[in-house]
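Colleague: Following this message is one structure expressed as structure tokens.
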There are 2 protein chains.
Amino acid sequence: MIVALAGGVGGAKLSDGLYRTLLPTQQGGGETGLAHGRELAVVVNVADDFTLYGLRISPDVDTVLYTLAGIANPATGWGIGGDTFATLEMLRRYGEDTWFLLGDRDFATHLLRSERLRQGWTPTAVTHALAEALGVRAALLPMCDEPVATVVLTPDGELAFQEYFVRRRQADEVRGVRFEGISEARVTPEVRQAIAEAEAIIFCPSNPIVSIGPILAVPGMREALAASRAPKIAVSPIVGGRALKGPADRMLVGLGHEASPVAVAALYRGLLDGMVIDQQDASLAGLVEGLGMRVLVTDTIMEDDAGRARLARAVLAFAGTSRS
Amino acid sequence: MIVALAGGVGGAKLSDGLYRTLLPTQQGGGETGLAHGRELAVVVNVADDFTLYGLRISPDVDTVLYTLAGIANPATGWGIGGDTFATLEMLRRYGEDTWFLLGDRDFATHLLRSERLRQGWTPTAVTHALAEALGVRAALLPMCDEPVATVVLTPDGELAFQEYFVRRRQADEVRGVRFEGISEARVTPEVRQAIAEAEAIIFCPSNPIVSIGPILAVPGMREALAASRAPKIAVSPIVGGRALKGPADRMLVGLGHEASPVAVAALYRGLLDGMVIDQQDASLAGLVEGLGMRVLVTDTIMEDDAGRARLARAVLAFAGTSRS
């Protein structure tokens, strides 16, 4: 079992690389547990989740789900490829401010999730059923089943995460971040089991503040990770001083860090055995090693499926697992 | 003010004819009340309403709404013309039994309705807002704001209305009908005002049992209609022994009536001043007159917009209003 911690698009891409790399070794059967019989478990951030039109939307879970199912929109990394927007157009005709882009096929996911949550299913059980239906043979595990909401402190006051991220296009300076509800969150049995069985734990190149950050902030998560003997490897989402996608670079700076793999490594310090940094940042390897971890310098840019698989193999080899 | 009582497609067609006929006389302004300043109020059956994927669906209201907004699917009479079915296809991919056809644009209506009902809006207020947004300048009034559910008794037991109507394609013999929740329903202030102001009240050619039936069964509705001095005219949905659309003919027979305009007139007896029957049923005029009402024999088939307008004008003239 390989465990990946992931947020949105970057996390989904490396998870997909790991999935395709591990897939050929999968055996049939063993379908009784959520993670049982699976070679890959992806623990996904759910602190971006929010409610729109009465629907519960779980953007990071859906990005990983669609990516592993092979139906993600290749142009954006999120949403479903070839999706249409008739529902949203009609909502606009009804006078709604349709600031969050939801495709018609995407709506099906939110409708089913919302209905099942209302029926008392846990987010873990809902995600499992959606992934099963789309033929995903990895365990997709929400970081927790309790509602957690990232709140971003900006000069204009506090903003709900999607308000900051989508509606205001990450234009606000971020002076603080908090995860509402996190103290009530718990590591799920499924996540705990996956971590316990892990041969390697990969921190995907997701935003360390608002994607991996909430996962690590779930009470008991750091302890569960620390208790695992598996090598823990992070891939830097910062390359050449910039985030490959999203506002991680500006967010790091706004919170008093550098926009560099060294700052990311420092945030994960004490948890990691190794850090993977891009070849553009080769000169920073010594600084990262100074934080007490091994460093792999490689090409971390995942331009295509081959790039995802190449990085996945490199990370697994660096972790020293028998899977590489 | 002309008041129409309507169910689904047949009711929507005559309502549309009335709307187009009355529209040129409309004045601007007067937008403060739901019915105020409007020349037409359509009181619509909501006993077919049901919940699917957590969404509140109001089929008859939507059929009238889409028809008056000029966006109804001309092929079916219900749904939105040119609508697509991507959400439903994705729901099917997730393993759902998608027995109720919902278009992508149609979903927008259900999403907004459901969200606003959850926020505490009444069905009357929701319907008003949807109609306003689509530029409908008639008052669309749900028969009541309380939930009412038609239940059909068949040899296989009781069926929820949409189960009988859509899922089982009206194949079951109907031995009885009841309207769950009807004793808690109340005539809304908007419906009461429309009836009080009516110059004519038109019972559209909708199913007398499960479309007009629930409207008349709302406690206080028959009394409100009886208190109005306006001529009350029904248009028979049965022509030549058959329902023009839907199961009204078989339903009448199953419940011990004839499938004829005479049986429809008998169901409305005491409420009506006049009955409009099709020229195919001219020989039945005397029998209907024997029930104590005037009869107009005319072409009641609404093949196209011109047919709707022709029937609307004939009905208004028969009612003797100044509108005709």
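Colleague: Give the residue, chosen from B:GLY286, B:GLY307, B:GLY246, that is part of a loop (DSSP other than H, G, I, E, B) and either out of contact with any helix residue (DSSP H, G or I) (no Cβ under 7 Å at 6 or more places or on another chain) or touching a residue at least 60 places away in the same chain (Cβ under 8 Å) (or both). Even if it seems obvious, please write down each step before you answer.
Modeller: On the way: B:GLY286 fails: part of a loop (DSSP other than H, G, I, E, B); B:GLY307 fails: part of a loop (DSSP other than H, G, I, E, B).
Going through B:GLY286, B:GLY307, B:GLY246 in turn, the sole match is B:GLY246.
Colleague: For region B:76-95, does any single residue satisfy the condition of being in a helix (DSSP H, G or I), modelled with pLDDT of 95 or more, of a type outside the set (A, V, I, L, M, F, W, C) and within 20 Å of A:ARG93 (Cβ to Cβ)?
Modeller: Yes.
Colleague: Across region A:291-322, what is the number of residues that are polar (S, T, N, Q) and within 18 Å of the chain's Cα centre (by Cα)?
Modeller: Of the residues in region A:291-322, 1 are polar (S, T, N, Q) and within 18 Å of the chain's Cα centre (by Cα).
Colleague: Quick check: is even one residue across region B:160-169 more than 27 Å from B:GLY307 (Cβ to Cβ), free of Cβ contacts under 8 Å to residues at least 40 places away in the same chain, touching a Pro at 6+ places or on another chain (Cβ under 7 Å) and open to solvent by less than 40 Å² (accessible area, probe 1.4 Å)?
Modeller: No, there is no match, as no residue in region B:160-169 is more than 27 Å from B:GLY307 (Cβ to Cβ), free of Cβ contacts under 8 Å to residues at least 40 places away in the same chain, touching a Pro at 6+ places or on another chain (Cβ under 7 Å) and open to solvent by less than 40 Å² (accessible area, probe 1.4 Å).
Colleague: Looking only at region A:60-85, count how many residues are open to solvent by 20 Å² or more (accessible area, probe 1.4 Å), more than 12 Å from every other protein chain (Cβ to nearest Cβ) and β-branched (Val, Ile, Thr).
Modeller: Number satisfying all stated conditions: 1.
Colleague: Among the residues of region B:210-224, are any at pLDDT 95 or above, surrounded by fewer than 19 Cβ atoms within 10 Å (Cβ to Cβ) and in contact with a Leu (Cβ under 7 Å, 6 or more places away or on another chain)?
Modeller: Yes, some residue in region B:210-224 is at pLDDT 95 or above, surrounded by fewer than 19 Cβ atoms within 10 Å (Cβ to Cβ) and in contact with a Leu (Cβ under 7 Å, 6 or more places away or on another chain).
Colleague: Here's another thing I want to ask about it. Go through (1) at pLDDT below 95; (2) surrounded by 16 or more Cβ atoms within 10 Å (Cβ to Cβ) one by one and return the number of the condition A:LEU112 breaks.
Modeller: (1)
Colleague: Now for a separate question. Under 7 Å by Cβ, and 6 or more places apart or on different chains, what pairs join a residue from region B:195-220 that is among the acidic types (Asp, Glu) with one that is surrounded by 21 or more Cβ atoms within 10 Å (Cβ to Cβ) and not in a loop (DSSP other than H, G, I, E, B)?
Modeller: These pairs meet every condition: B:GLU199/B:ILE2.
Colleague: So is B:GLU132 closer than 26 Å to A:ARG92 by Cα and without any contact (Cβ under 8 Å) to a residue 24 or more places away in the chain or not?
Modeller: yes
Colleague: Could you tell me whether region A:195-203 includes any residue that is outside any helix (DSSP H, G or I) and surrounded by fewer than 21 Cβ atoms within 10 Å (Cβ to Cβ)?
Modeller: yes
Colleague: For region A:209-241, name all the residues that are part of a strand (DSSP E or B) and in contact with a Cys (Cβ under 9 Å, 6 or more places away or on another chain).
Modeller: A:ALA234, A:VAL235, listed by residue number.
Colleague: Could you tell me which residue of region A:97-106 is surrounded by the fewest Cβ atoms within 10 Å (Cβ to Cβ), considering only residues that are at pLDDT 95 or above and either within 15 Å of A:PHE50 (Cα to Cα) or acidic (Asp, Glu) (or both)?
Modeller: A:LEU102
Colleague: While we're on this one: Would you pick out the residues in region A:163-208 that are under 17 Å from the mean Cα position of the chain (by Cα), among the aromatic types (Phe, Trp, Tyr) and under 20 Å from A:PHE50 (Cα atoms)?
Modeller: A:PHE165, A:PHE179
Colleague: Taking A:LEU153 and the conditions (1) more than 12 Å from chain B (Cβ to nearest Cβ); (2) under 27 Å from B:ALA108 (Cβ atoms), which numbered condition does it fall short on, given that it satisfies the others?
Modeller: (2)
Each row is one residue, and each column tells you yes or no for (1) touching a helix residue (DSSP H, G or I) at 6+ places or on another chain (Cβ under 7 Å); (2) within 14 Å of chain B (Cβ to nearest Cβ); (3) surrounded by fewer than 24 Cβ atoms within 10 Å (Cβ to Cβ).
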{"site": "A:ALA108", "(1), (2), (3)": "yes, yes, no"}
{"site": "A:ARG116", "(1), (2), (3)": "yes, yes, yes"}
{"site": "A:GLN119", "(1), (2), (3)": "no, yes, yes"}
{"site": "A:THR122", "(1), (2), (3)": "no, no, yes"}
{"site": "A:VAL126", "(1), (2), (3)": "yes, yes, yes"}
{"site": "A:GLU132", "(1), (2), (3)": "no, yes, yes"}
{"site": "A:GLY135", "(1), (2), (3)": "no, yes, yes"}
{"site": "A:LEU141", "(1), (2), (3)": "yes, no, no"}
{"site": "A:PRO147", "(1), (2), (3)": "no, no, yes"}
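Colleague: Of the residues in region B:226-245, how many are buried (at least 17 other Cβ atoms within 10 Å of the Cβ), closer than 16 Å to B:LEU5 by Cβ and not polar (S, T, N, Q)?
Modeller: Count: 7.
Colleague: Hey, another quick one. Any residue at all in region B:161-178 that's out of contact with any strand residue (DSSP E or B) (no Cβ under 9 Å at 6 or more places or on another chain) and β-branched (Val, Ile, Thr)?
Modeller: yes
Colleague: Residue by residue through region B:246-269, note down the ones that are more than 18 Å from B:VAL295 (Cβ to Cβ) and open to solvent by less than 20 Å² (accessible area, probe 1.4 Å).
Modeller: B:PRO247, B:ALA248, B:ASP249, B:MET251, B:LEU252
The values are calculated or read from the model by the stated rules, or taken from the named source; none is laboratory data. Computed from a predicted structure; not experimentally measured. Every residue, glycine as well, gets a Cβ built from its backbone with ideal geometry; the counts of neighbours run over all protein chains shown. All accessible areas refer to the heavy atoms of the entire protein, side chains included, with ligands and DNA or RNA removed. Shrake-Rupley method; radii C 1.70, N 1.55, O 1.52, S 1.80 Å.
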